Each structure stands twice: as structure tokens, then as C-alpha cells.
Amino acid sequence: PPESAEVIPELVLVPLLAFDAKGNRLGYGAGFYDRTLALLRGRPGYTTLAVGVAYAAQQVERVPCDETDQKLDWVVTEAGATRFNAA
């Protein structure tokens with residue numbers, strides 16, 4: 001209902017096609033997660049982690065990216081979890 005309190009997630013599970021060792025991700029091309037993460041991360045006093053969910057075979061040497069792409073904080077695969085350095 002409209003009178004409900006706003007819920008701001010602390011963690012977002014992010015699907016992807018590919019990722020690289022710098023935390024860049026290749027999504028599905030519509031930019032929904034990038035825009036959502038930018039909005040969430042832009043709120044003062046809030047921290048939202050982006051955790052990619054993938055298979056280890058989806059890691060590539062380099063993912064093309066630009067200034068609108070949001071980096072992952074973590075990626076979790078069947079081989080383990082990797083934390084990326086925050087910018």
C-alpha cells in the first residue's frame with residue numbers, strides 16, 4: 001500500500017552473461033540492473049552490494065564497459081566467491 005515504508009535493499013543478486021577480474025559484468029543489454037544499482041548506490045547513508053551469480057566458465061579476460069556500467073562487489077560461482085576492490 002502507498003503508506004508502506006520504503007524498502008531499500010542492502011544486497012542485489014545480479015544475473016550476467018560474463019564478468020572479468022575487475023568486477024565488470026556483461027548483462028543482457030537493457031541496462032535495468034545498472035540503472036537500479038546507480039540509483040541505490042547514489043542514496044546518502046545507504047550501501048548496496050551487487051553480487052553477481054554465475055558459473056566460473058563465464059569469466060572472461062575483459063568485459064567492455066563505459067561510465068554507466070555498475071561494477072560488481074562480489075561474484076559467486078560454483079568455484080567460490082570473489083570480492084572485487086571497490087572503486
Among what's in segment 1-35 and is in contact with a Gly (Cβ under 9 Å, 6 or more places away or on another chain) and charged (D, E, K, R), pick the residue that is surrounded by the most Cβ atoms within 10 Å (Cβ to Cβ).
R25
I'm checking my understanding of the structure. Among residues of segment 36-58 that are in contact with a strand residue (DSSP E or B) (Cβ under 6 Å, 6 or more places away or on another chain) and under 16 Å from A21 (Cα atoms), which one is surrounded by the fewest Cβ atoms within 10 Å (Cβ to Cβ)?
Y55
Out of A57, A5, A30, report the one residue that is assigned to a helix (DSSP H, G or I) and on the phi < 0 side of the Ramachandran plot.
A57
Restricting to segment 66-87, name every residue that is open to solvent by less than 70 Å² (accessible area, probe 1.4 Å) and either part of a loop (DSSP other than H, G, I, E, B) or under 11 Å from V12 (Cβ atoms) (or both).
D69, Q70, L72, D73, F84
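The values are calculated or read from the model by the stated rules, or taken from the named source; none is laboratory data. Here the structure is a predicted model, which is why all the values come from computation and not from measurement. Virtual Cβ from ideal backbone geometry, glycine too; neighbours counted across all protein chains shown. Note: areas computed on protein heavy atoms with side chains; ligands, DNA, RNA excluded. Shrake-Rupley method; radii C 1.70, N 1.55, O 1.52, S 1.80 Å.
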